[in-house]
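To start, the structure itself, in structure tokens.
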Amino acid sequence: QVQLVESGGGLVQDGGSLRLSCAASGRAYSLDAMGWFRPAPGTEREFVSLIKWRSGVPLYADSVKDRFTISRDDAKSTVYLELNSLDPRDTAVYYCGASRYYSGTEYTHYEFWGQGTQVTVSS
């Protein structure tokens, strides 16, 4: 099993920045990918970004590309998401997910989830 704990959410103004963290414990070495998702109309969790654990290759949704940056710290089994140029439309609870066998954008294939961290962007 893998446990995920997110942190770093908060309230920022339009155009501001935040850094989210997701620390994995347990059998983190077995992971294939870790990603970030948020609720959106029509879906329980919309893909935001992911990083393939072994290769470090990142992937971004079009809506956040060039604004958000995902990275990982192997030694700490932690994934970070830098959120820049935030817009009120980015307001959401951001969830960290992890998978041992999948490295794509469909949230239903992620096995482990954190509790979520709230990001609020004021206009």
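The values are calculated or read from the model by the stated rules, or taken from the named source; none is laboratory data. Just so it is clear, the structure is predicted and the values come from calculations on it, not from any experiment. Because the Cβ atoms are built from the backbone with ideal geometry, glycine has one as well, and the counts that use them run over all protein chains shown. All accessible areas refer to the heavy atoms of the entire protein, side chains included, with ligands and DNA or RNA removed. Shrake-Rupley method; radii C 1.70, N 1.55, O 1.52, S 1.80 Å.
Annotations
- Residue list for region 18-50, filter: of a type in the set (A, V, I, L, M), at pLDDT 95 or above and surrounded by fewer than 22 Cβ atoms within 10 Å (Cβ to Cβ): Leu18, Ala23
- One residue stands out in region 89-110 among those that are touching a residue at least 40 places away in the same chain (Cβ under 8 Å) and loosely packed, with under 14 Cβ neighbours inside 10 Å: the one that is farthest from Gln3 (Cα to Cα), namely Glu106.
- Breaking point among (1) at pLDDT 95 or above; (2) under 17 Å from Ser99 (Cβ atoms); (3) open to solvent by 60 Å² or more (accessible area, probe 1.4 Å), for Ser63: (2)
- Identity of the residue in region 1-17, closer than 11 Å to Ala98 by Cα and crowded, with 16+ Cβ neighbours inside 10 Å, that ends up modelled with the highest pLDDT: Leu4
- Looking across Ala75, Ala28, Ala24, Ala40, one residue alone is closer than 15 Å to Ser7 by Cα and either under 13 Å from the mean Cα position of the chain (by Cα) or among the hydrophobic types (A, V, I, L, M, F, W, C) (or both). It is Ala24.
- Candidates are the residues of region 74-88 that are open to solvent by less than 30 Å² (accessible area, probe 1.4 Å), outside any loop (DSSP other than H, G, I, E, B) and of a type outside the set (S, T, N, Q); the one that is nearest to Ala33 (Cα to Cα) is Val79.
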